[in-house]
Amino acid sequence: HLELTPELLDAGLVPIGQPHRGSSFHLVDEHGRLVDRPGAVGELYIGGPQLMAGYLNDPAQSAAVLRTGVVAGKTLYRTGDLVFRDDRGNYVYVGRSDRVIKRHGVRMSLVEVTDALGGIDGVASAACTTFDRDGDLGVVAFVVPDRELTPVAVRRAASERLPETMLPDQFVLVADLPLTSSSKVDE
């Protein structure tokens, strides 16, 4: 909760506020440790009686977002939001940790889009990223074909696997993707 004032709105990043009574916010670093100093960025975990018990018939998804080992005796929901606490104790949103974006009012996972593209016949590998599209968020897919393909053919095949709202704006065929030393795509 945070009461917005004109001063807050004009000051840059607008805080999301503080948890309601009975709820709790916890910041967790990339190693699973609690972050407790103001200004340090961590992933936001939320606790309280409002939490769901889990996703219906999806224990893997439930285990991915509901955590019990962060704060003793509490189940916390892993939001995927990166935030920091300002000097007033308010939490401030700065981004996402899980490659989920919001485009045209719809949340979409770039990992899901990449996985769908990788399942297309003739695609050896793929990666997606975002770009500035005249002030809007655009998505570009880089695709490594393992046979003769065109961007139009990849888009057509992708439209059979993904809803229209999740289709990348651009499809670029490349010879290979840049990899890190651990063979992961270097984004």
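The values are calculated or read from the model by the stated rules, or taken from the named source; none is laboratory data. Note that the structure is a prediction, hence the values are computed from the model and not measured. Glycine also receives a Cβ, built like all others from the backbone with ideal geometry; neighbour counts cover every protein chain displayed. Accessible surface is based on the protein model in full, side chains and every heavy atom, while ligands, DNA and RNA are left aside. Shrake-Rupley method; radii C 1.70, N 1.55, O 1.52, S 1.80 Å.
Some points to look at:
- Test: Leu2 is over 19 Å from Ser97 (Cα atoms), surrounded by 12 or more Cβ atoms within 10 Å (Cβ to Cβ) and in contact (Cβ under 8 Å) with a residue 40 or more places away in the chain: yes
- Only one of the numbered conditions (1) at positive phi; (2) modelled with pLDDT under 90; (3) more than 22 Å from the chain's Cα centre (by Cα); (4) surrounded by 13 or more Cβ atoms within 10 Å (Cβ to Cβ) is violated by Gly80, and that is (3).
- None of Pro38, Pro59 is under 21 Å from Ser109 (Cα atoms), open to solvent by 70 Å² or more (accessible area, probe 1.4 Å) and either modelled with pLDDT under 90 or of a type in the set (Ser, Thr, Tyr) (or both) except Pro59.
Yes/no matrix, rows are residues, columns are (1) closer than 30 Å to Ser24 by Cβ; (2) exposed (fewer than 15 other Cβ atoms within 10 Å of the Cβ); (3) within 16 Å of the chain's Cα centre (by Cα); (4) among the small types (Gly, Ala, Ser):
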residue	(1), (2), (3), (4)
Val94	yes, yes, yes, no
Asp115	no, yes, yes, no
Ala124	no, yes, no, yes
Ala127	no, no, yes, yes
Phe131	no, yes, yes, no
Gly135	no, yes, no, yes
Val139	no, no, yes, no
Arg156	no, yes, no, no
Leu177	no, no, no, no
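- Within the stretch 14-32, the set of residues being loosely packed, with under 12 Cβ neighbours inside 10 Å and touching a strand residue (DSSP E or B) at 6+ places or on another chain (Cβ under 9 Å) comprises Glu30, Gly32.
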